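Nothing in this text is a laboratory measurement; each read-out follows from the coordinates by a stated rule. Treat the numbers as computed from the prediction; the structure is a model and nothing was measured. Methodologically, a virtual Cβ is constructed for each residue, glycine included, from the backbone with ideal geometry; neighbour enumeration extends over all protein chains shown.
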Amino acid sequence: MSDSSASERLFEQARSSMAGGVSHEARYAEPFPKYIARAKGAHKWDEDGTKYIDYAMGSASMLLGHAHPDIVAAISEQATEGVFFADCHATEIEWSRLIQKMVPSAERVRFVGSGTEATMLAIRIGRAYSGKDKILRFEGHYHGWHEFVDLGMKAPYDQPSSLGILPGTVDATVVAAPTIEAVESALKRDGEIGTIICEVSGANYGSVPLPEGFLIALRRLADEYGAVLIFDEVITGFRWSPGGLQARDGIIPDLTTMAKIVTGGMPGGAVGGRAEFMALLDPAFEFEGRRPGVTHKGTFNGNALVAACAVAALTKISTGEPNRQADAAAGKLRDGLRNIMANHQVAGAVYGEASTFHIYLGEGAEDGSVAGLGAAKIRGVDPTVVRGIRGGLRKRGVDLMSHMSGVTSIAHSDEDIDKTLNAFEDTLREMIADDVLGRG
Ligand SMILES: Cc1ncc(COP(=O)(O)O)c(C=O)c1O
């Protein structure tokens, strides 16, 4: 349970030394967040010993489950050999070769410190290569927290989400609805757009799915208007398939941003891309009078500890078996959640690709699909209902990732799924009895 006395005490301490008491603002919760002591497989335990079935899985980074023995061994072995040399080393080459083999666009790879750094670097390459300042991005898509991608991250989409954002970066950002028509009209209208970035699942790992055929059209339009196309595969990379959405669907961007699973769940990330774009990072290659054309640094990039963990994880994932297992667990969960909603005549839909699931509670999805509902409706579910689902599951030992969504791993067993479905049914019953949720 989250309302544990240990968590309450720890949060009080945290507030006196950490800004807001947290390291990431999404971890903030009132009256206090839960404090996790350890995690193993599909489970985590808070400081009071309460066990949760985890569907956040390290913000979707743990496809192999928490503390997988191969990962623990790889990290432990590397730790004894030194974690960081600030020099080149062989393991980073092995890591980049695995990515190159799995991710079709990744002819060359550059390691970075996080997903945020990956999108920051990819956009810089896009601007340098195209010679145009403006980027086109989509309403509600998340690409990290830096300046270039702040505008459009959340509604209202014409306002920065934070104070302290340079007006110049706002002026250089065109935010479009994720429709083919909106992209075409933005590109037609604004000749200064040289880079396009897209969360290829649709916003929030597919909570707001993209229209049918959108990415194929995006590739065509980027080519037609000479824009560099970045696929943000920070979540979909290695989750939609071992080579991400692009390997699954055969739609190849110019640049790809990766984090989370690409490191095996350690801090870090990568930009992969076609050789002609990645050449701008090559100190031996002159681009428009500069060597390199695009500057990029970062103390811990590609460090040996993360590289060793990543090689262990990606070697397993490259077989395709982890994706099959995690996808099967999510499929079973989605079917079960859908049946429970139907049995209790609750209006809405359960959907999601690969090893993800999303619950929508509301009208307009009578055919079982949220296609055409739009972000405002899907993400605009009454907060009391969202809190009811999240809180109801939490107190029954099930932790979602964000909103009413989550991800699975290879460690989620049939027993975990059955327990989750029971917790969901009890939560719905309680919400119906309390009149928080109506019947459709
Ligand atoms: C699609 C996407 N891009 C970028 C990021 C930013 O990654 P990081 O949190 O590692 O900076 C995230 C993080 O959730 C993400 O989901």
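Our summary gives the chain a relative contact order of 20 percent, counting only alpha carbon pairs under 8 angstrom and 6 or more residues apart. Computed over the chain with a Gaussian network model linking Cα atoms closer than 10 Å, the most mobile of Glu117, Glu181, Glu30 is Glu30.
The long axis of helix 180-189 is offset from the longest Cα principal axis of the chain by roughly 40 degrees. Between Ser185 and Ala371, the simple label model (points 7 Å from Cα in the Cβ direction) yields a spacing of 2.2 nm. The fraction of all Cα pairs in segment 69-317 landing in successive 10 Å bins from 0 to the largest distance is 8, 32, 36, 19, 5, 0, given as whole percents. For segment 1-95, the relative contact order comes to 20 percent (Cα pairs under 8 Å, sequence separation of at least 6). The separation of segment 275-302 from segment 103-160, counted between C-alpha centres, amounts to 17 Å. FRET efficiency for the pair Arg220 and Thr384, taken as 1/(1 + (r/R0)^6) with r the Cβ-Cβ distance and R0 = 51 Å, rounds to 0.75. Taking 7 Å steps out from each Cα toward its Cβ at Ala177 and Glu212 produces label points 1.9 nm apart. Relative to the dominant Cα principal axis of the chain, helix 414-433 is inclined by about 60°. Computed over the chain with a Gaussian network model linking Cα atoms closer than 10 Å, the most mobile of Ser130, Ser409, Ser201 is Ser130.
Note on segment 69-317: antiparallel DSSP beta bridges, both residues inside, total approximately 45 percent of the bridges counted.
Mean-square fluctuations from a GNM of the chain, with a 10 angstrom spring cutoff on Cα atoms, peak among Ala56, Ala14, Ala155 at Ala14. Mean separation of Cα pairs under 8 Å and 6 or more residues apart, divided by the residue count, gives segment 69-317 a relative contact order of 30 percent.
Among the GluC sites (Glu not before Pro) in segment 283-387, those placed in a DSSP loop whose Cβ has at most 12 other Cβ atoms within 10 Å are Glu286, Glu288, Glu363, Glu366.
Step through the table entries Lys40/Lys377; Lys44/Lys134; Lys260/Lys395; Lys332/Lys377; Lys101/Lys297, compare each Cα-Cα distance with 32 Å, and write down the pairs that go over it. Violating the 32 Å Cα-Cα cut-off are Lys40/Lys377; Lys44/Lys134. In this simple spin-label model, placing a label point 7 Å from the Cα along the Cα-to-Cβ direction at both Ala342 and Ser318 gives a separation of 4.2 nm.
Counting only alpha carbon atoms, the long axis of helix 383-395 and the longest principal axis of the chain meet at about 70°.
Taking a point 7 Å from the Cα of Gln13 along the Cα-to-Cβ direction, the residues of segment 45-75 with backbone N closer than 20 Å to it are 45-51. Principal semi-axes of the equivalent ellipsoid, √(5λ) from the alpha carbon gyration tensor of segment 4-44, are 19, 12, 9 Å from largest down. Ordering Ala37, Val72, Ala19 by Cα displacement along the dipole of the chain toward the positive end leaves Val72 in first place; charges were set at the Cβ atoms of Lys, Arg (+1) and Asp, Glu (-1). Other residues lying with their Cβ under 9 Å from the Cβ of Arg108 contribute a combined charge of 0, Lys and Arg counting +1, Asp and Glu -1. Expressed to the nearest 5 percent, the antiparallel share of DSSP beta bridges inside the chain is 60 percent. Segment 377-440 and segment 340-355 have their alpha-carbon centroids 11 Å apart. From the Kirkwood radius over Cα pairs of the chain, Stokes-Einstein at 37 °C and 0.692 mPa s returns a whole-number translational diffusion coefficient of 145 µm²/s. For segment 176-273, how big is Rg over Rh, using alpha carbon atoms and the Kirkwood form of Rh? So for segment 176-273, dividing Rg by the Kirkwood Rh gives 0.98.
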